[in-house]
1. Please indicate, with yes or no, whether at least one residue in segment A:182-195 is without any contact (Cβ under 8 Å) to a residue 40 or more places away in the chain, over 21 Å from the mean Cα position of the chain (by Cα), within 14 Å of chain B (Cβ to nearest Cβ) and surrounded by fewer than 20 Cβ atoms within 10 Å (Cβ to Cβ).
2. Restricted to segment A:62-72, and to residues that are closer than 28 Å to A:S157 by Cα and in contact (Cβ under 8 Å) with a residue 40 or more places away in the chain, which residue is farthest from the other protein chains (Cβ to nearest Cβ)?
3. Is there a residue being in a strand (DSSP E or B), within 22 Å of B:A97 (Cβ to Cβ) and aliphatic (A, V, I, L, M) anywhere in segment B:175-194?
4. Out of A:A214, A:A219, report the one residue that is within 19 Å of A:I120 (Cα to Cα) and touching a Cys at 6+ places or on another chain (Cβ under 8 Å).
5. Got a number for residues in segment B:163-217 being of a type in the set (S, T, N, Q), more than 19 Å from A:M122 (Cα to Cα) and within 17 Å of the chain's Cα centre (by Cα)?
6. Residues in segment A:105-115: is at least one within 14 Å of another protein chain (Cβ to nearest Cβ) and under 16 Å from the mean Cα position of the chain (by Cα)?
7. Among the listed residues A:V98, A:V78, identify the single one that is at pLDDT 95 or above and β-branched (V, I, T).
8. Could you look through segment A:224-283, keep only residues that are in a loop (DSSP other than H, G, I, E, B) and more than 11 Å from every other protein chain (Cβ to nearest Cβ), and pick out the one that is farthest from A:A75 (Cα to Cα)?
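The values are calculated or read from the model by the stated rules, or taken from the named source; none is laboratory data. Being a predicted model, the structure only gives us computed values, none of them experimental. All Cβ positions, even for glycine, are placed from backbone atoms using ideal geometry, and neighbour counts span all protein chains on display.
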Amino acid sequence: MKSKENLIQFGLLLTALSTIAILLLIALFIFQEGLPIILKVGISGFICGSHWSPQQGQFGIFPMIIGTAWITVGALLVSLPLSMSCAIYLSEFSTAKVRAILKPIIELLAGIPSVVYGFIGMVILFPMVRNYFGGTGPCVLSASIILGIMILPTITSIALDSLRAVPYSFREGSLALGATRWQTIRMVVLPAAKSGILSGIILGVGRAVGETMAVIMIAGNSVIIPNSFLDPVRTLTANIALEMNYAIGDHRQALFATGIVLFITIMILNVVANTIARGGVKE
Amino acid sequence: MFKQIASILMCAAIIGCAKGNMQQAETINIAGSTAFQPFAEKLAEEFMSAHPDVRVNVQGGGSAVGIQSVQSGVVQIGMADLVTLPKEAEGLNSIVAAKDAIVIAVHPDNKIDNLSLQQIQDVFSGKVNSWEQLGGEKGEKGEKKTIAVVSREEGSGTRNSFHDLVLKGVQLSPHALIQNSTGAVKMMIQTDPSAIGYITHGVVTPDVKAVAIDGIAPSLKNIKAGKYNVVRPIFLLTKGELQGKAKEFIDFILSPQGQKTIADNGLLPVK
């Protein structure tokens, strides 16, 4: 009986380890393919170089790092007010019935394929941006709006869960001391749920950094450092997806090297999100 | 990426062979240029209906994949749509199977019908950035109407051909928007009144307007007569001389019937 249990335990351990093995193999593969070109160009030349034209042997991804940062910040600016007010409303004000209807609908947003978001951006958002802001349509602004909507469900549902996890006695205590409902939310509930909300935001950032298809369709993909929200940009993910089909030799390695930068960025974001979430539990 | 594609192709080839052995059929594998892929598929269909004992597998992947996979022997025939073949294609036999014209296209509402080669170079290099400077209209409120230049991604066969045939060494403006398929470029042009881009002649529809270059419109007549000369070859690449059915298939593509199929579907025949 005991040995059978051990066998099952061992089997489960193997299955669990296989996930880690896959991660390691992916990391190994990307590094093996991408490192040579980084060493050839030099880490600073690759990361801080501002010219990308692989056919002339120039491999600088700085404009794309900046582009990714602009779009991510823009998406947060669009998404944060919406998702936070949504989460606060659903957690603190709505009835259970409304919440039961609204929450699945918001989560449904996450299920819409990103090509569809991209298509909506091209057909509906471009003319609007052109008419109201100028420029040509594909730009940081368009990409930020679409990405902001795409990361809305991630941030909303994690923020909502952490707000709901704040014990009801906290609210009762605050209200009993004479605080208004809004004061209770601002000074008691939100600080108590802070770590959960923050890790939700960071996961949202991770999604924004990693999004590819929609961004290719709406960001314009020019390799320039943007000066305004109306300039087109290229993100790291877009760079890989755009050029992979045709890349040979150094060009192909440079795309894998772009992947390394992306891989490390996402890893850092996830570790930070996990640390913050764990910090919350300790408190 | 190529290794994966190559191994997928290899698996496909093995499965294909296994199947083929059962039916005593021979398999021909083709991969490469996405521009020529639909035509190769049509030609393969026709060839297979005439030769029931042969299976022709057509894969896309782009010109680079075509060159790579024929070099590594994964496929017998590679397709590439480049004006000049890169050094990776050294040692391969190349046969021109068809020709394809590249057309400069703008939004149908654009008043411009004709541009000189110099003007096109200036627009794509970013020297000229408003339609007014080309004699076009101002915006509705009299404001400057900026040109939105749309190009393809680095490495694309169409982009390389466009650079060789039209830009001729002039650098593309870094502000140009980049899209990664002919379809996406066309979509940008047909939805943005200020856009200009280049697409293959085969996909021009009334949604976009093809601009004449130095007074020569990219009509089928002008292209066939050789007057409109922004035309690129489509190569079939093989490693050494082909034997058996693969050679028969290439002969079929170059035959009057094969060339007619190519012409009927919007490309230019070579014979």
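1. no
2. Across segment A:62-72, the extreme among qualifying residues is A:T72.
3. no
4. None of the others qualify; the one that does is A:A219.
5. Qualifying residue count for the region: 2.
6. From segment A:105-115, those within 14 Å of another protein chain (Cβ to nearest Cβ) are A:115; that's our starting set.
In the following step, the residues that additionally are under 16 Å from the mean Cα position of the chain (by Cα) were identified as none.
Checked against the condition, which is being within 14 Å of another protein chain (Cβ to nearest Cβ) and under 16 Å from the mean Cα position of the chain (by Cα), segment A:105-115 yields no hits at all.
7. One residue alone meets the criteria, A:V78.
8. Quick first cut of segment A:224-283, residues in a loop (DSSP other than H, G, I, E, B) only: A:224-232, A:234-235, A:244-249, A:283.
Going one step further and asking which of them are more than 11 Å from every other protein chain (Cβ to nearest Cβ), we end up with A:228-229, A:235, A:283.
On the way: A:S228: 15, A:F229: 12, A:T235: 13, A:E283: 30 Å.
By that ranking, first place goes to A:E283.
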